[in-house]
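Right, one structure below, let's go through it.
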Amino acid sequence: MNTDERRFIFQDLRSVEGYIDPPDALVFKALLQAQTKDGLEGGMAEIGVYYGRSYFLLRKFAQPQEKVLGVDLFELDPPLDGSLDQYDRLMENGRRLGFEMDRDLIIKGDSTRLAAADITCRTGPVRFFSIDGGHHLHHVLADAKLALEVIAPHGVIVFDDTFNPAWPEVTVGVADFLRTHGHSLVCFAMTKYKTYVCRREFHALYAGAIAAGDELQALDHVETQFLGSRVVRLHNPTRRRVMYELMVRSGLGGFSERIYRSKVKQVKESVAGT
Ligand SMILES: C[S@@+](CC[C@H](N)C(=O)[O-])C[C@H]1O[C@@H](n2cnc3c(N)ncnc32)[C@H](O)[C@@H]1O
């Protein structure tokens, strides 16, 4: 990972209020870069952009010609003191991080009411679709159906908050969706927070990208099964999560990425004196 990417993931993203943590940010990066390396192009989309933390991660790894669409109700935290509302904070965060913010690529509204064409007319077929909007069963099923309608053959769909006891219907929705579409879709990876899905023909490619991802070597790769497919569960030990939080809270955020370097890499870097 180059210095600019490292700074973006471990520092810039933290300046945006939101939820994606380093392991998932590194998985997004590995998958997006594997697609680019293999010439698998396409737009990207996220339902539930909040203030943009994972949306800007997609922007960071999009190619110049690729469009990244964000969808949100933008009804959170109505400010009482005249400060920026959710939509304006998203736009402001984007400009601060150096992205051009196109209003046509940020849809304000209920994702469950969108048609596939509302997305594809803006992005074309989608190579990476992140679902992190409404967390009830009808939201998850509607968002998953929409994602399936707009993804390119090589598209990845990522569900947030799966297996989180706080949001049980997300898990039910993802299981229902995969059981309905199991002839064509498979899960290939899981983290503490997210579940990653693609078409069967691309399972090997994405599983391989995760197995080989340099920055993912610091995580434990544990093989499991989910609804008929082989899945790698990326486990981030509690001690590392606690250490990361402590470093961030004590103002050592700039160094926090070091704890996500693999042991092999740490040894190589100390030998090289970097
Ligand atoms: C957990 S936050 C998303 C976090 C974000 N992905 C991040 O990286 O920080 C969930 C977002 O989904 C949005 N949301 C909830 N229901 C929605 C719906 N039906 N349509 C569109 N957005 C929705 C909320 O407004 C909220 O901003």
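The values are calculated or read from the model by the stated rules, or taken from the named source; none is laboratory data. Here the structure is a predicted model, which means the values were calculated and not measured. Glycine gets a Cβ as well: all are built from the backbone with ideal geometry, and neighbour counts include every protein chain shown. We work out accessible area using only protein heavy atoms, side chains counted, and drop any ligands, DNA or RNA first. Shrake-Rupley method; radii C 1.70, N 1.55, O 1.52, S 1.80 Å.
In table form, for the structure just shown:
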{"quantity": "Carbon/sulfur fraction of accessible area - the chain, other protein chains in place, 1.4 Å, %", "calculated": "53"}
{"quantity": "Asp102-Asp214 FRET efficiency (beta carbon distance; Förster radius 35 Å; 0.05 resolution)", "calculated": "0.60"}
{"quantity": "Among Phe10, Ile47, Ile20 the positive-end extreme of the charge dipole of the chain (Cβ point charges)", "calculated": "Phe10"}
{"quantity": "Helix-only CD estimate at 222 nm, as mean residue ellipticity for the chain, using -39500 (n - 2.57) per DSSP H run (n ≥ 4)", "calculated": "-12000 deg cm²/dmol"}
{"quantity": "Per-selection Kirkwood Rh - the chain (Cα, Å, 1 d.p.)", "calculated": "19.2"}
{"quantity": "Globularity ratio of the stretch 101-251, using Cα Rg and 2.2 N^0.38 Å", "calculated": "1.12"}
{"quantity": "Estimated translational D of the stretch 1-47 in µm²/s (Stokes, Kirkwood radius over Cα pairs; 25 °C; 0.890 mPa s)", "calculated": "206"}
{"quantity": "Estimated translational D of the stretch 191-234 in µm²/s (Stokes, Kirkwood radius over Cα pairs; 25 °C; 0.890 mPa s)", "calculated": "222"}
{"quantity": "Cα-Cα over 20 Å, subset of Lys29/Lys192; Lys29/Lys145; Lys145/Lys192; Lys37/Lys192", "calculated": "Lys29/Lys145; Lys145/Lys192; Lys37/Lys192"}
{"quantity": "For the stretch 165-251, fraction of C-alpha pairs farther apart than 16 Å, in %", "calculated": "60"}
{"quantity": "Per residue accessible area of the chain, 1.4 Å probe, in Å²", "calculated": "47"}
{"quantity": "Convex hull per residue volume in Å³, alpha carbons only, for the stretch 1-96", "calculated": "100"}
{"quantity": "Computed lengthening from Asp77 to Arg241, 0.36 nm per intervening residue step minus Cα-Cα distance", "calculated": "56.2 nm"}
{"quantity": "Tail weight of P(r) past 22 Å, computed on alpha-carbon pairs of the stretch 113-194, percent", "calculated": "20"}
